[in-house]
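Working notes, beginning with the structure itself.
The values are calculated or read from the model by the stated rules, or taken from the named source; none is laboratory data. Being a predicted model, the structure only gives us computed values, none of them experimental. Cβ coordinates were reconstructed from backbone atoms using ideal geometry, including for glycine residues, and neighbour counts include every protein chain displayed. Side chains are part of the model used for accessible areas, which takes the heavy atoms of the whole protein and leaves out ligands, DNA and RNA. Shrake-Rupley method; radii C 1.70, N 1.55, O 1.52, S 1.80 Å.
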Amino acid sequence: MKEQSLIKYQGGFPFGLETLVFDESDVAGKMIFKSELQGCKALYASAVFKELCEAHSLTGVLFDENLLNIF
């Protein structure tokens, strides 16, 4: 949610996000989604998607619970 997500500033200029919160009603039913606040640069996945990958032993995807981890 835009009102709960906080932009980080460095030297008075926007420098990424401090917090990122998704609107549950907006992502409901979606397994993979992006954030406009991050310029749609990263993919986010629902718990259902993660569980399906694990249940079928799929590899090649790293799941990180830190939404703003850049590495």
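Close amide H pairs (under 5 Å, H built 1.01 Å from N) link VAL21 with SER5, residues at least 5 positions away or on another chain. Summarising the amide proton neighbourhood of GLY16: residues at separation of 5 or more, or on other chains, whose placed amide H is nearer than 5 Å comprise LYS8. Ligands, DNA and RNA left out, the 1.4 Å accessible surface of the chain is 57% carbon and sulfur atoms. Summary: within the chain, the longest segment free of GluC sites (Glu not before Pro) located in DSSP loops with at most 15 other C-beta atoms within 10 Å is 4-64.
Think of a 1.4 Å ball rolled over the protein heavy atoms: the chain then has 83 Å² of accessible area per residue. Sorting the Cα pairs of the chain by distance into bins of 5 Å, from 0 upward, gives 3, 13, 24, 24, 16, 10, 6, 2, 1, 0 percent per bin.
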